[in-house]
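Asker: Quick one: the structure is below, questions incoming.
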Amino acid sequence: MALRARPYNAHQLARLLDLDYKTITHHLKTLLKNELVVRLSRGSYGAAYSLSEFMDDNFEHFEEIWAKLG
């Protein structure tokens, strides 16, 4: 997951994941609501997002679940 490596803003994530801006912002809102990502201070390129501490601490478990779903 890209956000595990470093924070990204919505435009960077959209480009990295090959999604349009509207789609990525929808997903970011859901992830924020469920406290899986955190919004970092707003810079000149907009807010940057990073994994929440909970998500980062439990990332391997989420990867295992994701692998089983796929």
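Asker: What's the number of the condition LYS22 fails, among (1) surrounded by 12 or more Cβ atoms within 10 Å (Cβ to Cβ); (2) in a helix (DSSP H, G or I)?
Answerer: (1)
Asker: Take ALA67 and tell me if it is in contact with a Phe, Trp or Tyr (Cβ under 6 Å, 6 or more places away or on another chain), part of a helix (DSSP H, G or I) and either among the aromatic types (Phe, Trp, Tyr) or free of Cβ contacts under 8 Å to residues at least 24 places away in the same chain (or both).
Answerer: It is false that ALA67 is in contact with a Phe, Trp or Tyr (Cβ under 6 Å, 6 or more places away or on another chain), part of a helix (DSSP H, G or I) and either among the aromatic types (Phe, Trp, Tyr) or free of Cβ contacts under 8 Å to residues at least 24 places away in the same chain (or both).
Asker: A further question on this structure: Among the residues of the range 1-19, count how many are in a helix (DSSP H, G or I) and surrounded by 12 or more Cβ atoms within 10 Å (Cβ to Cβ).
Answerer: Residues that pass the stated criteria total 10.
Asker: Then there's this: Return the pair list, or none, for Cβ contacts closer than 7 Å from residues in the range 29-55 that are at positive phi to residues that are at pLDDT below 90, at least 6 apart or on different chains.
Answerer: Short answer, once both residue conditions are applied: GLU35/PHE54.
Asker: If I ask for residues that are closer than 19 Å to ALA5 by Cα and assigned to a helix (DSSP H, G or I), which ones from the range 25-52 would you list?
Answerer: Residues satisfying the conditions are HIS27, LEU28, LEU31, LEU32.
Asker: Being aromatic (Phe, Trp, Tyr) and modelled with pLDDT of 90 or more, is that true of even one residue in the range 49-69?
Answerer: Yes, the range 49-69 contains at least one residue that is aromatic (Phe, Trp, Tyr) and modelled with pLDDT of 90 or more.
The values are calculated or read from the model by the stated rules, or taken from the named source; none is laboratory data. Nothing here was measured: the structure is a model prediction, and the numbers come from that model. All Cβ positions, glycine included, derive from the backbone under ideal geometry; neighbour counts span all protein chains shown.
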